[in-house]
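**Student:** Sharing a structure below in structure tokens format, with a few things to ask.
The values are calculated or read from the model by the stated rules, or taken from the named source; none is laboratory data. Since we're looking at a predicted model, the values are computed, not measured. With ideal geometry, Cβ positions are generated from the backbone for all residues, glycine too; neighbour counts draw on all protein chains shown. Accessible surface is based on the protein model in full, side chains and every heavy atom, while ligands, DNA and RNA are left aside. Shrake-Rupley method; radii C 1.70, N 1.55, O 1.52, S 1.80 Å.
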Amino acid sequence: MRIITVFILLSIALFSCKTYSEEDKKHFDQQIQDYLKKEKKTCQRSSSGLYYTIIEEGVGEPIRYSDIVSFTYKGTLLNGKVFDEQTEPVEFEVRQLIGAWKEIMLELKPGGKAFLVAPPHLGYGEHELDKIPAHSVLIFELEVKNVR
């Protein structure tokens, strides 16, 4: 059932139509910076607005957009509330993932681990989901288990 839920969430993200203004993006960026400061975490910021830390790069060939990856993850909101956790690997094509996951997967290799903080435009945007309010900044810890 959880895999179906994840697939539905990822599908929604693919068809998200909300375009955030530069002011909105600055607001979310400030929320992320405040969170990182409070939690004493250091991350890189990509040009898309994704904050991330590669914990382990992994070994082998870099993941490609056309690859199928299996991975585990934990997702939380800025307030620390866990909205989803997959301890058994889920499997998706990289192209099917939300923007934040696509971006980080292309930085990893099999066995890679990452911490990321995603603004709404790289997550689920304006869509309100079961445990995720609309316009939420999302925090993920993920580990790539296999790539094919």
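**Student:** Whether any residue in the stretch 81-89 is modelled with pLDDT of 95 or more, touching a helix residue (DSSP H, G or I) at 6+ places or on another chain (Cβ under 7 Å) and not hydroxyl-bearing (Ser, Thr, Tyr) is what I want to check. Show your work before the answer.
**Tutor:** Taking the stretch 81-89 first, the residues modelled with pLDDT of 95 or more are 81-89.
Then keep just the ones that are touching a helix residue (DSSP H, G or I) at 6+ places or on another chain (Cβ under 7 Å); that gives 86.
Subsequent filtering for residues that are not hydroxyl-bearing (Ser, Thr, Tyr) retains 86.
So far as the stretch 81-89 goes, yes, one or more of its residues are modelled with pLDDT of 95 or more, touching a helix residue (DSSP H, G or I) at 6+ places or on another chain (Cβ under 7 Å) and not hydroxyl-bearing (Ser, Thr, Tyr).
**Student:** In the set Lys81, Lys74, Lys41, Lys25, which member is in contact with an Asp or Glu (Cβ under 9 Å, 6 or more places away or on another chain), open to solvent by 50 Å² or more (accessible area, probe 1.4 Å), in contact (Cβ under 8 Å) with a residue 24 or more places away in the chain and closer than 25 Å to Pro133 by Cα? Even if it seems obvious, please write down each step before you answer.
**Tutor:** Numbers: Lys81 fails: in contact with an Asp or Glu (Cβ under 9 Å, 6 or more places away or on another chain); Lys41 fails: in contact with an Asp or Glu (Cβ under 9 Å, 6 or more places away or on another chain); Lys25 fails: in contact with an Asp or Glu (Cβ under 9 Å, 6 or more places away or on another chain).
Of Lys81, Lys74, Lys41, Lys25, the one residue that is in contact with an Asp or Glu (Cβ under 9 Å, 6 or more places away or on another chain), open to solvent by 50 Å² or more (accessible area, probe 1.4 Å), in contact (Cβ under 8 Å) with a residue 24 or more places away in the chain and closer than 25 Å to Pro133 by Cα is Lys74.
**Student:** Counting only residues that are without any contact (Cβ under 8 Å) to a residue 60 or more places away in the chain and outside any loop (DSSP other than H, G, I, E, B), which one in the stretch 100-119 is surrounded by the most Cβ atoms within 10 Å (Cβ to Cβ)? Steps first, please.
**Tutor:** Initially, the stretch 100-119 is screened for residues without any contact (Cβ under 8 Å) to a residue 60 or more places away in the chain, giving 100-113.
If we keep only those that are outside any loop (DSSP other than H, G, I, E, B) too, we end up with 100-105, 113.
Numbers: Ala100: 28, Trp101: 26, Lys102: 19, Glu103: 20, Ile104: 25, Met105: 25, Lys113: 17.
So, considering only residues that are without any contact (Cβ under 8 Å) to a residue 60 or more places away in the chain and outside any loop (DSSP other than H, G, I, E, B), the one surrounded by the most Cβ atoms within 10 Å (Cβ to Cβ) is Ala100.
**Student:** Within the stretch 45-91, count every residue that is under 21 Å from Pro110 (Cβ atoms), among the small types (Gly, Ala, Ser) and part of a loop (DSSP other than H, G, I, E, B).
**Tutor:** Residues that pass the stated criteria total 3.
**Student:** Which number in (1) in contact with a strand residue (DSSP E or B) (Cβ under 9 Å, 6 or more places away or on another chain); (2) open to solvent by 80 Å² or more (accessible area, probe 1.4 Å) marks the one condition that Pro89 misses?
**Tutor:** It is condition (2) that Pro89 fails.
**Student:** Return the residues of the stretch 126-147 that are within 19 Å of Gln96 (Cβ to Cβ) and at pLDDT 95 or above; say none if nothing qualifies.
**Tutor:** Correct list: Ile132, Leu138, Phe140, Leu142, Glu143, Val144, Lys145, Asn146, Val147.
**Student:** Have a look at Leu122, Leu129, Leu97 and point out the one that is open to solvent by less than 50 Å² (accessible area, probe 1.4 Å) and within 19 Å of Lys25 (Cβ to Cβ).
**Tutor:** Leu122
**Student:** Filter the stretch 46-61 for residues that are in contact with a strand residue (DSSP E or B) (Cβ under 9 Å, 6 or more places away or on another chain), open to solvent by 30 Å² or more (accessible area, probe 1.4 Å) and either more than 21 Å from Pro119 (Cα to Cα) or without any contact (Cβ under 8 Å) to a residue 12 or more places away in the chain (or both) and give the result.
**Tutor:** Glu56, Glu57, Gly60, Glu61
**Student:** Consider Ile139 against the criteria (1) part of a strand (DSSP E or B); (2) surrounded by fewer than 20 Cβ atoms within 10 Å (Cβ to Cβ); (3) not aromatic (Phe, Trp, Tyr): it satisfies all of them except one. Which criterion is unmet?
**Tutor:** With respect to (1) part of a strand (DSSP E or B); (2) surrounded by fewer than 20 Cβ atoms within 10 Å (Cβ to Cβ); (3) not aromatic (Phe, Trp, Tyr), Ile139 is out only on (2).
**Student:** State whether the residues of the stretch 30-40 include one that is farther than 24 Å from His127 by Cα and part of a strand (DSSP E or B). Before the answer, list the steps.
**Tutor:** So the first thing to find is which residues in the stretch 30-40 are farther than 24 Å from His127 by Cα, and the list is 36-40.
If we keep only those that are part of a strand (DSSP E or B) too, we end up with none.
Within the stretch 30-40, not a single residue is farther than 24 Å from His127 by Cα and part of a strand (DSSP E or B).
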